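Report on one structure; see the data block that follows.
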Amino acid sequence: MKIEDIKTRPFFCSQSSMKLALNCIRAWFFKIRWGLQLRGVEIKESADLGQIYHKFQEFGPGQEQKVKAWVTKRQMALSLQIDKGEDLDGQMARLVSSLTVSYNKAGVMARIFWDKYPQPSYLKTIGVEIKHKMDMKFPGITIPLEGTIDKLLLDTRNGNVWVRDHKSTGRALASLFLGIQWSIQARLYRILAEDYCKYKKSDIDGKEVKWEVAGFILDGILKPGIKLCGKDNRNAVAWNCSIEDAYLRRVKEWYAVKEEENPGSTIKSQSIMFNEPLFPDELKRDLTRLYNISIKGKDPKAYSRDGTRFHCYLYEKPCIYESLCSAPMSRWPELLDTKFKIKEEEK
Ligand code: SF4
C-alpha cells in the first residue's frame, strides 16, 4: 500500500476521536483520518465485554434473548470466516469462545446493576443508542460533531432530560467517575442532547412539556474477576437452579467480598447537573485545538508522536501503531501491507 494512495477522510469530532486527538495526534491521524486498523481480528476482551454489557443496558431487563441473538450473530459470522480458512493464527476461534465468556459476565453484571438501581417509574426512556450529527459553530469555525448517546431519559415530573451512560471497568471505579463533570464526554453529549431535544416536545398527561437537558447520569460497574465455569455446573446441581443463577450467586458473593474490602468499589450510579455554559472556555479551547489539528493536511509527519509516551502503552497494552512510529517512513508501505488494513467508512 503506497502512502500517497491512502485517502484522508473528512474531519469530524466525536468524544472518542477528540480524546484521542488531545492525547496523541499521530494516533488520531492514523485512526480517524486514515482509518488504519490491524489486520485479522484482535481479541479485546475488555472492549467486547463493555460492548455486550451496553447491549444488555440498551435492551433492558427481560430482553436477554435479544443480546444473545446479537452475540450469536457475531459468532456465526466469525465461524463462517473460520470455515473459509481465514483464521490463520487461531484468533477468530479464540474470539468465538471469549464472546461467550463475555456474554455470561455481562449478563450477571446487568442483573446485579438492575437489582441495585432499578429505573424509577417517573423516568421515561426517550431513546437508546441515539445516533446524532450536528454542526458546532464558532466565529469562523464549524466543527461537525457526531456521537451515539447511550440513553436519554425524561423526568416526567418536570420535563428534565438526563443523558445516561453505562460503563464497566477492570480498574478502580474512581477511574470512571473522577472529573466526569468537566469531561469531554459529558460536555459533548450535552451539546448533542440539546440539539437532539431542541425540536422535540413531550406530552405528559395531555400537557405539553418543554424538555430541558438537565444533567448526566453515569453508571459504573466493576468487571467480575471470575467467569462461568465447571464450578457453576456443580453448584447448579447442588442448589437446584440454573447454571446462570449459580454463576450469578457466585458473582454476587465476589462483589460482596470486594465491597467488604473496599466499600463503594464495585457499583455506583452518580448524577451531575449541568451548571456551566454549553460551551465553557475550556471546551472552546480544546475544540479550537482540535480544529487546528484537523487543518494540518495530509502529511503524517505533520502529526507529532506522543513525546511523553503516555498514550503509547495505555491500559498495559502497546499502541497498535507502534511499529509505524518506530520505523522509518521508507518501511511504511511494507508494514501497511503486512500489518494493517483500512477500515471501511461508515455510511
Ligand atoms: S505509538 Fe505512541 S506516538 Fe505512535 S501513534 Fe501510538 S501513541 Fe502515538
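The values are calculated or read from the model by the stated rules, or taken from the named source; none is laboratory data. Just so it is clear, the model here is predicted, and its values are computed rather than measured. Because the Cβ atoms are built from the backbone with ideal geometry, glycine has one as well, and the counts that use them run over all protein chains shown.
Which condition number in (1) of a type outside the set (D, E, K, R); (2) touching a residue at least 60 places away in the same chain (Cβ under 8 Å); (3) in a helix (DSSP H, G or I) is the one that residue 52 fails?
It is condition (2) that residue 52 fails.
I need a count of the residues in region 310-347 that are in a loop (DSSP other than H, G, I, E, B) and within 15 Å of the ligand (Cβ to nearest atom). Before the answer, list the steps.
First, the residues of region 310-347 that are in a loop (DSSP other than H, G, I, E, B): 310, 317-321, 327-328, 343-347.
Within this subset, residues satisfying the condition of being within 15 Å of the ligand (Cβ to nearest atom) are 310, 317-321, 327-328.
Selection size over region 310-347: 8.
Select from region 312-327 the residues that are modelled with pLDDT under 95 and either among the charged types (D, E, K, R) or farther than 16 Å from residue 36 by Cα (or both) and list them in ascending order.
Within region 312-327, 313, 314, 315, 316, 317 qualify.
For residues that are crowded, with 18+ Cβ neighbours inside 10 Å and not aromatic (Phe, Trp, Tyr), tally how many sit in region 184-202.
Within region 184-202, the subset crowded, with 18+ Cβ neighbours inside 10 Å is 184-193, 196-197.
Filter once more, keeping what is not aromatic (Phe, Trp, Tyr): 184-188, 190-193, 197.
Number satisfying all stated conditions: 10.
From the list 57, 37, which residue is farther than 30 Å from residue 226 by Cβ and not hydroxyl-bearing (Ser, Thr, Tyr)?
It is 37.
How do the pairs read when you match residues in region 85-114 that are outside the structural domain of residue 219 (by TED's automatic domain parsing) with residues anywhere that are assigned to a helix (DSSP H, G or I) and among the charged types (D, E, K, R), using Cβ under 6 Å and keeping only pairs 6 or more apart or on different chains?
Close Cβ pairs (under 6 Å, with a partner that is assigned to a helix (DSSP H, G or I) and among the charged types (D, E, K, R)) amount to 98/45; 102/48.
Please go through region 139-148 and pick out each residue that is modelled with pLDDT under 95 and in contact with a helix residue (DSSP H, G or I) (Cβ under 7 Å, 6 or more places away or on another chain).
Answer for region 139-148, where residues must be modelled with pLDDT under 95 and in contact with a helix residue (DSSP H, G or I) (Cβ under 7 Å, 6 or more places away or on another chain): just 141.
Working only within region 270-286, note down all residues that are surrounded by 15 or more Cβ atoms within 10 Å (Cβ to Cβ) and within 20 Å of residue 176 (Cα to Cα).
Passing the criteria: 272, 274, 283.
Can you tell me which residues in region 116-128 are surrounded by 13 or more Cβ atoms within 10 Å (Cβ to Cβ), of a type outside the set (Ser, Thr, Tyr) and within 28 Å of residue 252 (Cβ to Cβ)?
Once the filter is applied, which keeps residues that are surrounded by 13 or more Cβ atoms within 10 Å (Cβ to Cβ), of a type outside the set (Ser, Thr, Tyr) and within 28 Å of residue 252 (Cβ to Cβ), region 116-128 yields 116, 119, 123, 128.
Can you tell me which residue in region 4-44 is surrounded by the fewest Cβ atoms within 10 Å (Cβ to Cβ), limited to those that are in a loop (DSSP other than H, G, I, E, B) and within 12 Å of the ligand (Cβ to nearest atom)?
To start, the set of residues in region 4-44 that are in a loop (DSSP other than H, G, I, E, B) comprises 6-12, 14, 24, 34-35, 39-44.
Now restrict to residues that are within 12 Å of the ligand (Cβ to nearest atom): 24, 34.
On the way: 24: 25, 34: 21.
The selected residue is 34.
For residue 297, state whether it is of a type in the set (Gly, Ala, Ser) and on the phi > 0 side of the Ramachandran plot.
Working: of a type in the set (Gly, Ala, Ser): yes; on the phi > 0 side of the Ramachandran plot: yes.
Yes; evaluated as a whole, the condition is true for this residue.
Among the residues of region 32-44, how many are more than 17 Å from residue 77 (Cα to Cα) and touching a residue at least 24 places away in the same chain (Cβ under 8 Å)?
So the answer is 6.
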